[in-house]
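Undergrad: The structure that follows is given in the form of structure tokens.
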Amino acid sequence: MEKVRIGVIGVGGMGYAHCKSVKLIENAELTCVSDVDENVAKERGEEFGVKYFTDYKDLIKSGLCDAVIVATPHWFHPEISIFAFENGLHVLSEKPIAVKVSDADKMIEAAKKSGKVFSIMFQRRTEPVFKKAIEIVKSGKIGEIQKAVCIDPWYRTQAYYDSGIWRATWVGEGGGVIINQAPHTIDLFTQLAGLPKKIEAKTRAKLHDIEVEDEVSAFLEYENGAWGWYYTSTCEPVGPFHLEITGDKGKLIIRGSTLTFYSFEYPISEFTKKAPDMWASLKYTEEKIEITSNVETGHIVIIKNFVRAILYGEELIVKGEEGLNSVEFLNACILSGKKEKPVELPVNRKEYDELMEELKKSSKPKKVVRVQRITDPNIAKKI
Ligand SMILES: NC(=O)c1ccc[n+]([C@@H]2O[C@H](COP(=O)([O-])OP(=O)(O)OC[C@H]3O[C@@H](n4cnc5c(N)ncnc54)[C@H](O)[C@@H]3O)[C@@H](O)[C@H]2O)c1
């Protein structure tokens, strides 16, 4: 195979941008698109001069592609991906891989069984600041984790929530900010600090007229007894996000695209017990890490990597099974918030399925919908 033939499923907003990216990749070819909305499918098909389908199964069975990019609303990611794996196609799924951990399990299982390439669109992993932070943590320079903080503010208007029938409903999306905007940062946070073993969260709709949450605050407990805090919302116009990981030997702070690393002269655990002086303080060196900004980042890098993994077996930037971590984290927050109790991870699959069924039953059709399919301008200008 010289070129990977790609079909994009769900070509409204993000999927449309992925079509444009595929067109820019030398060893990939956009061969077909699919959307349940026939007008959207036809428009994209005509624009790119490719065959279009309204049923994703027809696209998958068409023989026109070796791989699919799934960019439908989240609930459909597992169903479509599993069908693609069963029909021998490689899959790149949009984030989050699934709404529920039980569905993510099935998706990962189907990928393993098929032996096909499975990746996820967590494009923030391509940003130099995170690559460097992960390198520092993996090198052991931070030592055993003592504390982890993630503050991830976003801003969305009511018009954004009113822009699609599926948005911000239990039936359409299965959650609010934590399932839509937050998975990228949760993915990075769990890459750096690991998954907590227990989460106690509060969730609420504070500012927007929506049935799902627009604000989440959580207390985290890690396996080794370390504590952590997590916050996200779509109510705060000023960022950037803040990630802070303190270990026994060092501390790392990421604010937006700035990374600072503090290296302690001695491990905290040792110094605290052995320092003879009553007012001794632990010395540290502060290093502002130089971040190369002239490297290619974003969605296109993930698609190129997916294509090269298929063609040449290149190591994936995001392995499909790693998509489970953010779903575990966000399911635990929703479950804890709704049941007002701490939740142990891995999340109890049956309990979460039952909760989601209840929430879906309580879901009310939206009163105001002014459909707008516009790719986030911050993303669009990068393509
Ligand atoms: N990685 C990123 O930066 C990023 C950014 C935005 C959105 N996303 C993800 O992309 C996904 C889509 O979001 P969006 O903003 O593009 O939504 P959107 O509503 O603009 O587009 C979704 C499209 O999927 C179509 N669709 C729905 N069900 C379908 C099905 N069963 N088969 C085929 N098509 C179907 C809809 O008609 C619509 O055109 C979400 O999961 C979202 O989390 C990721």
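Coordinate-derived values only; no laboratory data. Predicted model only: the values in this text are computed from it and were never measured. A quick note on method: Cβ atoms are made from the backbone with ideal geometry, for glycine too, and the neighbour counts reach across all protein chains shown.
Undergrad: Specify the angular offset, from 0 to 90 degrees and rounded to the nearest 10, of the alpha carbon long axis of helix 38-48 from the longest principal axis of the alpha carbons in the chain.
TA: Tilt of helix 38-48: around 90 degrees.
Undergrad: Okay, moving on. Normalise the Cα radius of gyration of segment 78-120 by 2.2 N^0.38 Å (N = residues in it) and let me know the number. Before the final figure, lay out the partial values.
TA: Working: Rg = 9.0 Å, N = 43, 2.2 N^0.38 = 9.2 Å.
Cα Rg divided by the expected 2.2 N^0.38 Å: 0.98.
Undergrad: Still on this model: Could you size up the charge dipole of the chain around its Cα centre, putting +1 on the beta carbon of Lys and Arg and -1 on that of Asp and Glu, and report it in debye to the nearest 20?
TA: Working: 53 positive and 56 negative charges, 45 e Å.
In debye, rounded to 20, the chain gives about 220.
Undergrad: Mind listing which trypsin sites (Lys or Arg not before Pro) in segment 145-242 are in a DSSP loop and have 16 or fewer other Cβ atoms within 10 Å? Intermediate values should be presented prior to the final figure.
TA: Details: sites: 147, 156, 167, 197, 198, 202, 204, 206; in loops: 156, 167, 197, 206.
Here the trypsin sites (Lys or Arg not before Pro) that fit, given the DSSP loop and packing criteria, are 197, 206.
Undergrad: Mind checking Rg over Rh on segment 218-276, alpha carbons, Kirkwood formula for Rh? Before the final figure, lay out the partial values.
TA: Numbers: Rg = 15.0 Å, Rh = 13.9 Å.
Looking at segment 218-276, the ratio lands at 1.08.
Undergrad: As a footprinting exposure proxy, order 1, 14 by other Cβ within 10 Å, with the fewest listed first. Mind showing how you got there, number by number?
TA: Numbers: 1 8, 14 21.
Listed from fewest to most nearby Cβ atoms, that is 1, 14.
Undergrad: For segment 143-185, what does the convex hull of the Cα positions come to per residue, in cubic angstrom? Don't jump to the answer; show the numbers that get you there.
TA: Details: hull volume 3.7 nm³, N = 43.
Measuring per residue, one finds 86 Å³ for the Cα hull of segment 143-185.
Undergrad: Right, next: Cα-based Rg of segment 1-84 per 2.2 N^0.38 Å, rounded to two decimals?
TA: Working: Rg = 11.4 Å, N = 84, 2.2 N^0.38 = 11.8 Å.
This ratio for segment 1-84 stands at 0.96.
Undergrad: So, in nm, how far is label residue 112 from label residue 364 when the simple model puts each one 7 Å beyond its Cα toward the Cβ?
TA: Result: 4.3 nm between the two label points.
Undergrad: For helix 128-138, what angle does its Cα long axis make with the longest principal axis of the chain, in degrees from 0 to 90 and rounded to 10?
TA: That works out to roughly 50 degrees.
Undergrad: Please compute the length gained on full extension between residue 157 and residue 138, using 0.36 nm multiplied by the number of residues separating them and subtracting their Cα-Cα distance. Please report the intermediate quantities before stating the final value.
TA: Numbers: separation 19, 0.36 × 19 = 6.84 nm, distance 3.84 nm.
Full extension of this stretch gives 3.0 nm more.
Undergrad: Send over the per residue convex hull volume for segment 192-327, Cα only, as a whole number of Å³.
TA: Dividing the Cα hull volume of segment 192-327 by its residue count gives 208 Å³.
Undergrad: Among 203, 227, 262, whose Cα sits farthest toward the positive end of the charge dipole of the chain (+1 at Cβ of Lys/Arg, -1 at Cβ of Asp/Glu, about the Cα centre)?
TA: Comparing the listed Cα positions along the dipole, 262 ranks first.
Undergrad: Here is a further query. Roughly what % antiparallel, to the nearest 5, for the DSSP beta bridges in the chain? Numbers along the way, then the final one.
TA: Values: 41 of 68 bridges.
Expressed as a percentage, antiparallel bridges in the chain total about 60.
Undergrad: Could you work out [θ]222 nm for the chain from helices alone, using -39500 (n - 2.57) per DSSP H run of at least four and dividing by all its residues? Round to the nearest 500 deg cm²/dmol. Please list the in-between numbers first.
TA: Details: 14 runs with 138 residues, N = 383.
After summing the helix terms and dividing by residue count, I get -10500 deg cm²/dmol.
Undergrad: Between 0 and 90 degrees, rounded to the nearest ten: what's the tilt of helix 349-362 against the longest Cα principal axis of the chain?
TA: The helix 349-362 is inclined about 60 degrees to the chain.
Undergrad: Using all Cα-Cα distances in segment 252-351, what percent lands in each 10 angstrom bin from 0 up to the longest?
TA: 11, 19, 22, 30, 15, 3, 0
Undergrad: Any chance you could run the full-extension gain for residue 340 through residue 39? It's 0.36 nm times the residue separation minus the Cα-Cα distance, nm to one decimal.
TA: Extending this stretch completely gives an extra 104.0 nm.
Undergrad: Are there trypsin sites (Lys or Arg not before Pro) in segment 279-372 that DSSP marks as loop and that have at most 12 other Cβ atoms within 10 Å, and which are they? Walk me through the numbers before you get to the answer.
TA: Working: sites: 283, 288, 304, 308, 319, 338, 339, 349, 350, 360, 361, 366, 367, 370; in loops: 283, 366, 367, 370.
In loop regions of segment 279-372 (DSSP not H, G, I, E or B), the sparsely surrounded trypsin sites (Lys or Arg not before Pro) are 283, 367, 370.
Undergrad: Along each of the three principal axes of the Cα atoms of segment 293-345, give the extent in whole Å, ordering the values from largest to smallest.
TA: Result, largest extent first: 47, 27, 12 Å.
Undergrad: Compare the Cα positions of 122, 136, 163 along the charge dipole of segment 120-182 (+1 at Cβ of Lys, Arg; -1 at Cβ of Asp, Glu; about the Cα centre) and return the one farthest towards the positive end.
TA: Checking the options against the dipole of segment 120-182, the answer is 136.
Undergrad: As I understand it, the dipole of the chain uses +1 on the Cβ of Lys and Arg and -1 on the Cβ of Asp and Glu, about the Cα centre. Which of 56, 348, 84 lies farthest toward its positive end?
TA: Sorting the options by dipole projection puts first 56.
Undergrad: So, one more: Could you tell me the center-to-center distance, by alpha carbons, between segment 331-366 and segment 184-200 in angstrom?
TA: Comparing the Cα centres of segment 331-366 and segment 184-200, I get a distance of 18 Å.
Undergrad: Please compute the volume of the convex hull spanned by the alpha-carbon atoms of the chain and report it per residue in Å³. List each step's numbers first, then the result.
TA: Working: hull volume 56.3 nm³, N = 383.
Per residue, the Cα convex hull of the chain comes to 147 Å³.
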